[in-house]
Amino acid sequence: MKTFTKLASCTAVAAGFAILPLAVSAQSTMAYPEKCKSEGMDMSKADMPSGGMPMGDMTEYQKASMDGMKDMHMNMMQGMMKKDADVSFVCGMIAHHMGAISMSEVELKYGDNDEAKQMAQKVIEAQKKEIEEMSKWVDKEAK
């Protein structure tokens, strides 16, 4: 139960801060806009702790969820470093939405509740539409 509590806390914090790019599948279908990335920031070396939980003790579902949050976190940090508040907001929201897609894709892969899977599919459809709109805005407005 202690392990579940740690994971739940870590997940809630990461979701609350809506951090980084998506997990596996979402990232392959949707790319974080180049104009949202900050020059001179190598986020590949950033590491999000797993709440003190050794990755080896996690289930495949938990590992997939954590990978998605780590990716989302890195992209959000990139977006938040933009000097323009509007661009920073939109870039952060793109990363946040990519995280929601990642979480939903993990649910579709590992979940077994039809209602939860239907919710996950709705999230994917809605967030992809918003990411497309926001990415067009960034391409037009970001310098």
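The table below lists the values:
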item: Pairs beyond 27 Å (Cα-Cα), from K63/K122; K35/K63; K37/K117; K37/K129; K37/K109; K35/K117; result: K35/K63; K37/K117; K37/K109; K35/K117
item: In Hz, Karplus ³J(HN,Hα) per residue of the range 78-90 (6.51, -1.76, 1.60; θ = phi - 60°; x = Gly, Pro); result: 4, x, 5, 8, 5, 6, 7, 4, 5, 5, 4, 4, 5
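Where a number appears in this text, it was derived from the coordinates with a stated rule and is not lab data. Model, not experiment: these values are computed from the prediction.
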